[in-house]
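The numbers here are math on the coordinates, done by the rules we state, and not lab data. Quick caveat: nothing in here was measured; it's all calculated off a predicted structure. Positions of Cβ are backbone-derived with ideal geometry, glycine not excepted, and every protein chain shown enters the neighbour counts.
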Amino acid sequence: MALSQTIEYGLGACELERQRLLAQCEMYRSEAEQLIDRIGVSAGWRVLDVGCGPLGILDVLAGRVGPAGSVTGLDREDRFLEMACRSLRERHVGEVDLVCCPATATGLPGGSFDLVHERLMLNNVVRPAEVVQEMVRLTRPGGYVALQDTDWISWTCEPAHPDWDALYNAAARAWIGDVYVGRRLFGLLRHAGLVDVQVATHTRVWRPADPYQKLLLRFIELYRDRIEATRLLTADEIDGSVRRLRAHLDHADTFTLYATLFQAWGRKP
Ligand SMILES: C[S@@+](CC[C@H](N)C(=O)[O-])C[C@H]1O[C@@H](n2cnc3c(N)ncnc32)[C@H](O)[C@@H]1O
């Protein structure tokens, strides 16, 4: 593993964020399995998970391609790859190559993978088409590119609450990347020249006992400085909205409908 990059992921890489991402890997495990089933990933495939973070779908892929295949994880941050090493060791997954580089300039040989996948990375980049272009370059003719990212279009609480709207808008505007990229995945693959492009969506409902019921408050905490610096809300407005919304989300009558996970995949001609 080459350890060299310094650019940072907007939500940081603290222990809490590592745990959130690992819990999210479990949460989205069945969606990942459905996706690789639909693509037909099987023993012997050479697969790459771009922006793998502290695990991504490396374990799911390793289980599917078996010892005859190969799995590579790529991330631009050393600290995430160190976490990935640890996660793989804890899960007794061996033989995964980890590469530290930006997704737009990997330096890996073109056409060297049967599947190039990313999940929840395009949400965090400013020019997703450039990442997709590199993913297509790395895929062999006849191989697949697969994308999975959320779109906040569906993210809401019921009953509605004005503090949800204020904090949702502030978080969406402060976000580094695009919280609505999910809906663009299909078009990104088609414009990149892939064929047989398909799309699927998944969402979830959360209740007060689910940690994701209050995920918006966690994002506000992480982006608080940016929200204040860009004067989207003052410190007092944030404090008041967080306090009132927390009480609302704790109420037994309240549920949240989560962001939609879009999956799009296609074949390189
Ligand atoms: C939200 S995490 C998702 C991690 C993992 N794919 C998963 O599903 O759990 C986003 C990851 O993408 C990585 N990332 C963001 N932009 C990147 C880029 N331009 N090149 C490589 N990695 C990038 C971040 O370092 C982070 O590990």
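Select from the stretch 90-158 those trypsin sites (Lys or Arg not before Pro) which occupy a DSSP coil region and have at most 16 other Cβ atoms within 10 Å, ordered by residue number. Each step should come with its number before you reach the end.
Numbers: sites: Arg91, Arg119, Arg137; in loops: Arg91.
In loop regions of the stretch 90-158 (DSSP not H, G, I, E or B), the sparsely surrounded trypsin sites (Lys or Arg not before Pro) are Arg91.
Around Asp151, under 13 Å between beta carbons, what's the net of Lys plus Arg minus Asp minus Glu among the other residues?
On the way: positive: Arg183, Arg184; negative: Asp149, Asp178.
Combined, the nearby Lys, Arg, Asp and Glu give 0.
To the nearest 10 degrees, how steeply does helix 15-27 sit against the main Cα axis of the chain, on a 0 to 90 scale?
The answer is roughly 70 degrees.
What do you get for the angle between helix 29-39 and the principal long axis of the chain? Use alpha-carbon atoms, 0 to 90 degrees, nearest ten.
On a 0 to 90 degree scale, this one is about 40.
I need the phi-derived Karplus couplings for the stretch 62-73: 6.51 cos²θ - 1.76 cosθ + 1.60, θ = phi - 60°, integer Hz, Gly and Pro marked x.
Taking θ as phi minus 60°, the curve returns 4, x, 7, 7, x, x, 7, x, 9, 10, 10, x Hz for the stretch 62-73.
With each pseudo-label sitting 7 Å past Cα toward Cβ, what's the Val199-Arg46 distance in nm, one decimal?
Those two pseudo-labels are separated by 3.2 nm.
Where the Cα atoms of the stretch 1-135 are projected onto their three principal axes, how long is each span, largest first, in whole Å?
35, 31, 25
Can you give the three extents of the C-alpha atoms in the stretch 62-104 along their principal axes, from longest to shortest, in whole Å?
27, 23, 11
Scan the stretch 219-269 for trypsin sites (Lys or Arg not before Pro) in coil per DSSP, keeping those whose Cβ has at most 12 other Cβ atoms within 10 Å, and list them by number. Let's see the in-between values first.
Working: sites: Arg224, Arg226, Arg231, Arg243, Arg244, Arg246, Arg267; in loops: Arg231.
Qualifying residues, ordered by number: Arg231.
Run the quick spin-label model on Cys85 and Cys101: label points 7 Å from Cα toward the beta carbon, then report their separation in nm to one decimal.
1.9 nm
If you average 1/r over all unlike Cα pairs in the stretch 65-167 and invert the result, what Kirkwood radius do you get in angstrom? Don't skip to the end; give the middle numbers.
On the way: mean 1/r = 0.0624 Å⁻¹.
Answer for the stretch 65-167: a Kirkwood hydrodynamic radius of 16.0 Å.
How big is the Rg/Rh ratio for the stretch 115-195, C-alpha atoms only, Rh by Kirkwood, two decimals?
Details: Rg = 15.4 Å, Rh = 14.0 Å.
That ratio equals 1.10.
Taking only Cα atoms, what is the 0 to 90° angle, nearest 10, from helix 78-90's long axis to the longest principal axis of the chain?
Relative to the chain, helix 78-90 is tipped by roughly 80 degrees.
Consider all pairwise Cα distances in the chain and report the whole-number % of them above 32 Å.
Numbers: 8619 of 36046 pairs.
The share of Cα pairs beyond 32 Å in the chain comes to 24 percent.
Hey, in the GNM for the chain with a 10 angstrom Cα cutoff, which one of Val125, Val205, Val99 fluctuates hardest?
Judging by the Gaussian network model, the answer is Val205.
Considering the chain as a Gaussian network with a 10 Å cut-off on Cα pairs, which listed residue, Thr254, Thr230, Thr106, attains the greatest mean-square fluctuation?
The residue with the greatest mean-square fluctuation here is Thr230.
For the stretch 129-269, what is the per residue volume of the convex hull drawn over the alpha-carbon atoms, in cubic angstrom?
Working: hull volume 15.7 nm³, N = 141.
Considering the Cα atoms of the stretch 129-269, their hull volume per residue is 111 Å³.
Pick out, in residue order, every one of the chymotrypsin sites (Phe, Trp or Tyr not before Pro) in the stretch 22-92 that is DSSP loop and has at most 16 other C-beta atoms within 10 Å; say none if there are none.
Working: sites: Tyr28, Trp45, Phe80; in loops: Tyr28, Trp45.
Hits after loop and neighbour filter: nothing returned.
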